[in-house]
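Have a look at the structure below before the remarks.
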């Protein structure tokens, strides 16, 4: 119930903000010559409440399956052993990290839904106009979209620090399960850089909302993040996968008559 209520409040507020104010040029559809024209903008406005309720119900049902993990987190106990990389108690990775990962995943999905819905509504209201390669965003929509996109980048940074960094301890990129040499000396540094990079991307988006370059800055931030992620994975995990395949490859035992050439 708690998750569903929070989801409903967030989505409904998002939809109401995206539909605030008057629409100078509403989208009107004529289904037939004799029938009255249908104001699509007004019809969509009436769908805000049932849409938010339906999505809140789905999110609540999905989160209901995580009750055991939440109880374990609320009543967790220390293991008395710390990991050699981050110095945290092992119980943190057993009880806390899964709950944080689930919560961040839910909030990220919710933010993505809200962003897509807001963009669709603003396009319908013609507050966002795409003409060729040019995207024009009206001031009424600019700050709202910028905040949602910046929140998405912030969640990406939180996921790096609270999920992906602890995940290195049970990495499978090396020949054994656990943090390999490449994980500790390359992936760890790359992830620590990726966090501030995500914050910089969010700041770039917010600056674009103020400088009337929201669409351009959002695309630049997204492209930079995807390029950084692809480069980091190719540099770090490419050699690790090669080592992993070689370590698992069957070795050829020389025959008894085999020798060395002089």
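Below, the figures for the structure above:
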quantity: Residue tally, condition touching a residue at least 60 places away in the same chain (Cβ under 8 Å), outside any strand (DSSP E or B) and surrounded by fewer than 16 Cβ atoms within 10 Å (Cβ to Cβ), over segment 128-161; calculated: 2
quantity: Members of segment 107-127 found to be closer than 30 Å to residue 3 by Cβ and without any contact (Cβ under 8 Å) to a residue 60 or more places away in the chain, listed by number; calculated: 107, 108, 109, 111, 112, 115, 116, 119, 120, 123
quantity: Checking residue 87 against (1) out of contact with any helix residue (DSSP H, G or I) (no Cβ under 8 Å at 6 or more places or on another chain); (2) in a helix (DSSP H, G or I), the condition it does not meet; calculated: (2)
quantity: Options 240, 194, 209; residue that is in a helix (DSSP H, G or I) and at pLDDT below 70; calculated: 240
quantity: Number of positions in segment 39-62 that are crowded, with 16+ Cβ neighbours inside 10 Å, more than 26 Å from residue 103 (Cβ to Cβ) and without any contact (Cβ under 8 Å) to a residue 40 or more places away in the chain; calculated: 1
quantity: Condition broken by residue 215, with the remaining ones in (1) in contact with a strand residue (DSSP E or B) (Cβ under 6 Å, 6 or more places away or on another chain); (2) at pLDDT 80 or above satisfied; calculated: (2)
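The values are calculated or read from the model by the stated rules, or taken from the named source; none is laboratory data. For clarity, every value in this text was computed on a predicted model and none was experimentally measured. Neighbour counts run over all protein chains shown; Cβ positions are idealised from the backbone, glycine included.
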